[in-house]
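Visitor: Please find one structure pasted underneath; my questions will follow.
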Amino acid sequence: MSGAPPSYSFVALPPRAKDGLVVFGKNSARPRDEVQEVVYFPAVDHEAESKVECTYISIDQVPRTHAIVISRPAWLWGAEMGANEHGVCIANEAINAREPAAETEALLGMDLVRLGLERGTTAKEALNIIVSLLDEHGQGGNYYEDAHSCHSFQSAYLLVDREEAWVLETVGKYWAAERITEGVRSICNHLSLTTKMDEEHPELRTYAQTQGWWTGEGEFNFAQVFSPADDHLDCCAGKDSLEKQEESITVQTMINILRDKASGVCIDSESFLTTASIVSVLPQNRSSPCIHYFTGTPDPSRSIFKPFIFVDDVKLVPKAQSPCFGDDDPAKKEPRFQEKPDRRHELYKAHEWARAVMDSDQEQGRTLRKTMLELEKQGLEAMEEILSSPEPPDPAEVGDLFYDCVDTEMKFFK
């Protein structure tokens, strides 16, 4: 598993997205046996000079962190993908670059996703926060729960809000970013920024010259300069999946793209599996709520996308959260990962049964999948009604939304 996992992240903005909506999606490709949990954290005021303990290091905390909902590998602090109460969504991609990523423990790219969500009220503000923390603390450490070898990667991010999206790609503390205000964009486990960079690290080009990767003459192409020599600079599976859509892109379009195994967007290989997925819809009309759909289970083609809406009193969902091992967690003790505890949550265990049924018994499996899709369809239709209504949703009803969906799904698996 030396290469970066082949994940994909997408965004569609008007006019390609339907009805003044911004649609965001990501498949998280990770080691096959890794469990992801979906966790909500409310907004919190913090004491002065307090610290926050990230996956490997502690850093200064800010006075207030926003409410967030994230999907994350259960052993770490950060997030593969998620959203905050201000309608900001961020996804992370591990990437291979010309400069090897540091094995020294620092911030993981996934930590920076969570930090961006907790501290940023817009996509651009989150980007500024991430590059500032990158400069201060660096990135590095093992991306996998693996005691035998350190898998470290550079990071790329897709940051999205109701108005725009940003692609941020990083190599060490150096970075470049592109702003997207319309149409479609995808990122994967290769560098994708070329000559259009709207912002960059002030010393980026100087650094490339000192390394002998750029002469200083001609156009500066970020991907060409910083990609490994054997990299084929190709995210075509994701790019093609989005660009070939002839009709307006909706939540359902994005879900279908994430489920597509033939294109390579939905990974199911010997080493990697799409262990969790997200689709978010961000209405440009601020009177409508943002809606975030999480699977919380592996393989989106056999999972249900369940909706979440931010309100003041969100009901927590223990069934989608992994067991907590506290200070005894092998991920927190050094040397790390000497044991691998069972991190499966109740939803994951129930879904394991469903996947086995779909794999082994054709008739029962087909019936189960049909039932799951019908359940999902009901949720999507209910959310469409919320988006088309001139009235805001009742907080008392939507506070239990994700909880109720998980509960209903699990009843079908028993």
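The values are calculated or read from the model by the stated rules, or taken from the named source; none is laboratory data. The shown structure was predicted, so the numbers you read here are calculated from the model rather than taken from an experiment. Note that each Cβ is placed from the backbone with ideal geometry, even for glycine, and that neighbours are counted across all protein chains shown. These accessible areas exclude ligands, DNA and RNA; they are computed on the full protein's heavy atoms, side chains included. Shrake-Rupley method; radii C 1.70, N 1.55, O 1.52, S 1.80 Å.
Visitor: Residues of the range 318-336 being open to solvent by less than 50 Å² (accessible area, probe 1.4 Å), closer than 29 Å to LEU401 by Cβ and part of a helix (DSSP H, G or I), which ones?
Guide: ALA320
Visitor: Among the residues of the range 361-414, which ones are of a type in the set (Gly, Ala, Ser) and either within 24 Å of SER288 (Cβ to Cβ) or touching a residue at least 12 places away in the same chain (Cβ under 8 Å) (or both)?
Guide: Those that are of a type in the set (Gly, Ala, Ser) and either within 24 Å of SER288 (Cβ to Cβ) or touching a residue at least 12 places away in the same chain (Cβ under 8 Å) (or both): GLY379, ALA382, SER388, SER389, ALA396, GLY399.
Visitor: Is one or more of the residues making up the range 193-211 assigned to a strand (DSSP E or B), over 25 Å from GLY87 (Cβ atoms) and of a type in the set (Ser, Thr, Tyr)?
Guide: No.
Conditions (1) open to solvent by less than 10 Å² (accessible area, probe 1.4 Å); (2) under 27 Å from ILE68 (Cα atoms); (3) out of contact with any strand residue (DSSP E or B) (no Cβ under 7 Å at 6 or more places or on another chain), marked per residue:
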site: SER301; (1), (2), (3): no, yes, yes
site: PHE310; (1), (2), (3): no, yes, yes
site: LEU316; (1), (2), (3): no, yes, no
site: MET358; (1), (2), (3): no, no, yes
site: GLU385; (1), (2), (3): no, yes, yes
site: ASP404; (1), (2), (3): no, yes, yes
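Visitor: Can you tell me which residue is farthest from the chain's Cα centre (by Cα) among those in the range 355-394 that are small (Gly, Ala, Ser) and farther than 17 Å from ASP33 by Cβ?
Guide: Per the stated criteria, the residue is SER360.
Visitor: While we're on this one: Among the residues of the range 112-136, count how many are outside any loop (DSSP other than H, G, I, E, B) and either of a type in the set (S, T, N, Q) or more than 15 Å from GLY172 (Cα to Cα) (or both).
Guide: 15
Visitor: Out of ILE95, ILE70, ILE57, I need the residue that is open to solvent by 10 Å² or more (accessible area, probe 1.4 Å) and of a type in the set (A, V, I, L, M). Which one?
Guide: ILE57
Visitor: Looking at GLU346, GLU339 in this structure, which one is at pLDDT 95 or above, surrounded by fewer than 15 Cβ atoms within 10 Å (Cβ to Cβ) and not polar (S, T, N, Q)?
Guide: GLU339
Visitor: Could you look through the range 360-383, keep only residues that are closer than 25 Å to ASP19 by Cα and of a type in the set (A, V, I, L, M, F, W, C), and pick out the one that is most open to solvent (accessible area, probe 1.4 Å)?
Guide: LEU373
Visitor: On to the next question. Being under 16 Å from the mean Cα position of the chain (by Cα) and assigned to a loop (DSSP other than H, G, I, E, B) is the filter here, so list the residues in the range 246-277 that pass it.
Guide: ARG259, VAL265, CYS266, ILE267
Visitor: When only residues in the range 153-209 that are polar (S, T, N, Q) and touching a helix residue (DSSP H, G or I) at 6+ places or on another chain (Cβ under 7 Å) count, which is surrounded by the most Cβ atoms within 10 Å (Cβ to Cβ)?
Guide: SER155
Visitor: Restricting to the range 43-71, and then to whatever is in contact (Cβ under 8 Å) with a residue 60 or more places away in the chain and within 19 Å of the chain's Cα centre (by Cα), can you tell me which residue is nearest to THR295 (Cα to Cα)?
Guide: SER71
Visitor: Only one of these conditions is not met by LYS315: (1) among the basic types (Lys, Arg); (2) in a loop (DSSP other than H, G, I, E, B); (3) touching a residue at least 40 places away in the same chain (Cβ under 8 Å); (4) more than 30 Å from VAL22 (Cβ to Cβ). Which number is it?
Guide: It is condition (4) that LYS315 fails.
Visitor: Scan the range 215-228 and tell me whether some residue there is open to solvent by 40 Å² or more (accessible area, probe 1.4 Å), of a type in the set (A, V, I, L, M, F, W, C), free of Cβ contacts under 8 Å to residues at least 60 places away in the same chain and out of contact with any Pro (no Cβ under 9 Å at 6 or more places or on another chain).
Guide: For the range 215-228, residues open to solvent by 40 Å² or more (accessible area, probe 1.4 Å), of a type in the set (A, V, I, L, M, F, W, C), free of Cβ contacts under 8 Å to residues at least 60 places away in the same chain and out of contact with any Pro (no Cβ under 9 Å at 6 or more places or on another chain): absent.
Visitor: Pairs only if they're at least six apart or on different chains, beta carbon under 6 angstrom, first in the range 249-260 and closer than 9 Å to GLY25 by Cβ, second among the aromatic types (Phe, Trp, Tyr) and modelled with pLDDT of 95 or more; list them, first residue then second.
Guide: ILE255/PHE305
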